[in-house]
Amino acid sequence: MWAKRLKELSAMLSIGDGVLALVAPRDHVALWLLGPKRLRKLGVWFAENPIYTRLGGLVEAGLGLWLALRQYKKAAPQPWYQRWLVQYRLLPRWLAPLVLLAIVLAAVIFRRTTTTGGKSPSAEGPADEELAVDEAVAEESSTKDMRSIIRESIRRSGRQR
């Protein structure tokens, strides 16, 4: 019941907003010039171009009418096998765009993590090369230190027995 009420409320709002945009496009848009800068610039553009505002109002009123009339349309009851097929047929319509979006996001994230910010390794500064050399030397010396510590502990444990 609440879903029908919300659909009807959204239809009423879009029909009313569309009619206001048709009747007084500049005043209606000027009333809503608030928010982020880009949104305000878009609103100013629509206020300066009332033809496009009226066109948008016409589309919005048509969408609201379509949504309102769709609510009261009576459909013939379907057999059980058709209801089952329809339920499972709707899943790919929603799932396919989500999977595509996930794949694109994963590709973008992977690409950003694997690239070096557009620089080739030879184009890096000398400070980066020195840092890489220092890290390699430190890793090698820490490996040698660990090996000597292990050897020393093995030698000591052999003496204690």
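Of the residues making up segment 42-64, none is of a type in the set (A, V, I, L, M, F, W, C), more than 22 Å from Leu6 (Cα to Cα) and modelled with pLDDT under 90.
Return the total of residues in segment 1-16 being under 28 Å from the mean Cα position of the chain (by Cα) and surrounded by 13 or more Cβ atoms within 10 Å (Cβ to Cβ).
Going residue by residue through segment 1-16, those that are under 28 Å from the mean Cα position of the chain (by Cα) are 3, 6-7, 9-11, 13-14.
Narrowing the set further to residues that are surrounded by 13 or more Cβ atoms within 10 Å (Cβ to Cβ) leaves 7, 10-11, 14.
Residues meeting the conditions: 4.
For beta carbons closer than 8 Å, sequence separation of 6+ or different chains, a first residue in segment 45-56 that is charged (D, E, K, R) and a second that is modelled with pLDDT of 90 or more and in a helix (DSSP H, G or I), the qualifying pairs are Arg54/Ala21; Arg54/Leu22; Arg54/Pro25. With respect to the conditions (1) at pLDDT 80 or above; (2) of a type in the set (Val, Ile, Thr); (3) loosely packed, with under 13 Cβ neighbours inside 10 Å, Val86 falls short on a single one, namely (1). Of the listed requirements (1) surrounded by 14 or more Cβ atoms within 10 Å (Cβ to Cβ); (2) aliphatic (A, V, I, L, M); (3) modelled with pLDDT under 90, Leu34 misses just one: (1).
The values are calculated or read from the model by the stated rules, or taken from the named source; none is laboratory data. Nothing here was measured: the structure is a model prediction, and the numbers come from that model. A quick note on method: Cβ atoms are made from the backbone with ideal geometry, for glycine too, and the neighbour counts reach across all protein chains shown.
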